[in-house]
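Okay, so here's the structure we're looking at.
The values are calculated or read from the model by the stated rules, or taken from the named source; none is laboratory data. Just so it is clear, the model here is predicted, and its values are computed rather than measured. Here Cβ is always computed from backbone atoms with ideal geometry, including for glycine, and neighbour counts include all displayed protein chains.
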Amino acid sequence: MAQHSFVLSRRVRRAPEVAERALLALPPGDYAGLTVLTPFERRSITGPWGTGPPDRQAQAELITGRRRSERVEVELGAWARDAAEIRVRPLSRRPERWSGRRQLRYFDRAHEAIDALARILEHQTPAPVERSARRTA
């Protein structure tokens, strides 16, 4: 399994700027075993076609057992005009070398944590207004 296989993501049906404001306003605390350690900082990716939409990222700790935790990175980025994406990725250099049991614990806890974050963002932000699609021929 490659390192990118350990990245979990959830799409939240909220505009990226609305989700970003809600994320920055989150009180410090434990979100299903995930504790955010640093403030969310803006990061933009620059490539040959210019600058992409900015992401927010912060380092966090994910509790995976009674005495075990993994350092992870939490990211929020644009998915579409009316949707944002939350990602959790391990900061370990070689998570593919973890034992099978450690990988299972990571995935179980990471799924719980990212689902909790997605629910919190949905509850703290207004639902998008549905627009009817009009076709002209």
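S92 fulfils the conditions (1) of a type in the set (G, A, S); (2) modelled with pLDDT under 90; (3) surrounded by fewer than 13 Cβ atoms within 10 Å (Cβ to Cβ) except for a single criterion, (3).
Against the test of being modelled with pLDDT of 90 or more, surrounded by fewer than 19 Cβ atoms within 10 Å (Cβ to Cβ) and closer than 17 Å to A118 by Cα, the options R101, R13, R21, R71 yield a single qualifying residue, R13. Checking each residue in the stretch 84-115 for being among the aromatic types (F, W, Y) and in contact (Cβ under 8 Å) with a residue 24 or more places away in the chain picks out Y106, F107.
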